[in-house]
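*Asks:* Below is the structure I would like to discuss, written out as structure tokens.
The values are calculated or read from the model by the stated rules, or taken from the named source; none is laboratory data. Keep in mind that this is a model prediction, so the values were computed, not measured. Ideal geometry is used to build each Cβ from the backbone, glycine not excepted, and the neighbour counts take in all protein chains shown.
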Amino acid sequence: MLDEFSNQVIKTDFSKIYGQSELKHDLKSALLARRHVIIVGPPGAGKTTIAKNVADLMPKRVLNDCNFHCDPKNPVCPECKTKSMETKEFEGDDLFIRVQGSPDLTAEDLLGDIDPIKALKYGPLSVEAFTPGKIFRANNGILFFDEVNRCSEKLQNAMLQVLQEKKVTIGSYEFDFDADFIFIGTMNPEDESTETLSHVFLDIFDLIYMNYPKKITTEMNIVKTYGNKLGVEFPVKLLHHTVEFVRELRDDKDLEKHPGVRASIGLYERAQSNAILRGSEKVSYEDIHKAVQSVISHRIKLKPSVKYLTSPTDYIKEKFETYAKVNDMSNSENEEGDAP
Ligand SMILES: [Zn+2]
């Protein structure tokens, strides 16, 4: 028998995400089977958006207003087991708990901690002595673990224990962790500053791959939907070239880090501001040209072979000017058609 959530999963087309039909299919399949997943993809591809979309699929629920968000019919936390608690209605964002992965994140931050003074007073395994970490609030909801590969191996091991054995170890104490949640992690394959995830850790997940939009029209739609509109005209041909320029950089052999969709959105917004500052109601080639270095330079990384010959700012300026020349970009601004 499929429950309400499963039925929502089957029905959804994750409308907040454009394109990405394979990712959507794989994610739906993993969610139906209640598998833990890690979405692998470059920054700005929409990993957070799609995870939030999953939270929106969860049925509205009445849960206890405790640190564990217990189901009133089946409380798991010591507090709810001993006394009756106030309830609250939860939906969407309330069921979405976000954890930012970083090397500094400790098991205590995530799982909780024991207050030594209270432990002496009430006993080390008492409810009073235990301050539950963030992970408990994901009970009956979604634990969104952004950049899970940035976490220390120690934290990976703690997570492994929680997800697999449903146990939490804090200091020398071990607690049962009866919490039930959907784990959605993310990982950026281009990120080098990270720990590699151990095989044992990876073994409990399904990996779902997300990429830059396949078609330029999809990316232009994303830009127009998620970018700020400042009330000036952006000729459609110019926007096409702007987005295409960013997309060509993704295949650039001199780069080892590529600009994502946020770069396209950045150029879209900053070109409009530049037009306004110029006193114009319409974006021109110059407005985009002026935005390129500030929006793109830090989003790319040059390969060592070119790194010593030029800087990212000079590199991007030159690339853009060449692109503009080849595509006769300065003549595109007068063509008919506004990007709405
Ligand atoms: Zn509770």
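*Asks:* Looking only at helices (runs of 4 or more DSSP H) that lie completely in segment 228-340, which have at least 1 residues being within 24 Å of GLY44 (Cβ to Cβ) and polar (S, T, N, Q)?
*Replies:* 236-249, 261-277, 285-296, 312-326
*Asks:* Assuming LEU197 fulfils every condition listed in (1) closer than 20 Å to LEU27 by Cβ; (2) modelled with pLDDT of 85 or more; (3) of a type outside the set (Lys, Arg) apart from one, which condition is it?
*Replies:* All conditions are met except number (2).
*Asks:* Follow-up question, since we're still on this one. Would a scan of segment 78-92 turn up a residue that is part of a strand (DSSP E or B), in the same structural domain as ILE39 (by TED's automatic domain parsing) and under 26 Å from TYR173 (Cβ atoms)?
*Replies:* No, segment 78-92 has no match at all.
*Asks:* Now for a separate question. Going by what's in this entry, would LYS121 be described as without any contact (Cβ under 8 Å) to a residue 40 or more places away in the chain and either touching a Lys or Arg at 6+ places or on another chain (Cβ under 8 Å) or within 16 Å of the ligand (Cβ to nearest atom) (or both)?
*Replies:* No, not satisfied.
*Asks:* Looking at segment 60-73 only, could you name the residues that are more than 10 Å from the ligand (Cβ to nearest atom) and outside any loop (DSSP other than H, G, I, E, B)?
*Replies:* If the condition is that a residue be more than 10 Å from the ligand (Cβ to nearest atom) and outside any loop (DSSP other than H, G, I, E, B), then ARG61, VAL62 are the ones that fit.
*Asks:* Of the residues that make up segment 15-34, is at least one closer than 19 Å to PHE183 by Cα and within 16 Å of the ligand (Cβ to nearest atom)?
*Replies:* No, there is no match, as no residue in segment 15-34 is closer than 19 Å to PHE183 by Cα and within 16 Å of the ligand (Cβ to nearest atom).
*Asks:* Which of the following residues is surrounded by fewer than 20 Cβ atoms within 10 Å (Cβ to Cβ) and more than 12 Å from the ligand (Cβ to nearest atom): LYS52, LYS47, LYS88?
*Replies:* The unique qualifying residue is LYS52.
*Asks:* Sort out which residues of segment 49-59 are out of contact with any helix residue (DSSP H, G or I) (no Cβ under 8 Å at 6 or more places or on another chain) and within 17 Å of PHE181 (Cβ to Cβ), and write them in order of number.
*Replies:* Matches in segment 49-59: ALA51, ASN53.
*Asks:* Could you figure out which of (1) closer than 30 Å to ILE182 by Cα; (2) surrounded by 18 or more Cβ atoms within 10 Å (Cβ to Cβ) isn't true of LEU238?
*Replies:* Here LEU238 clears every test but (1).
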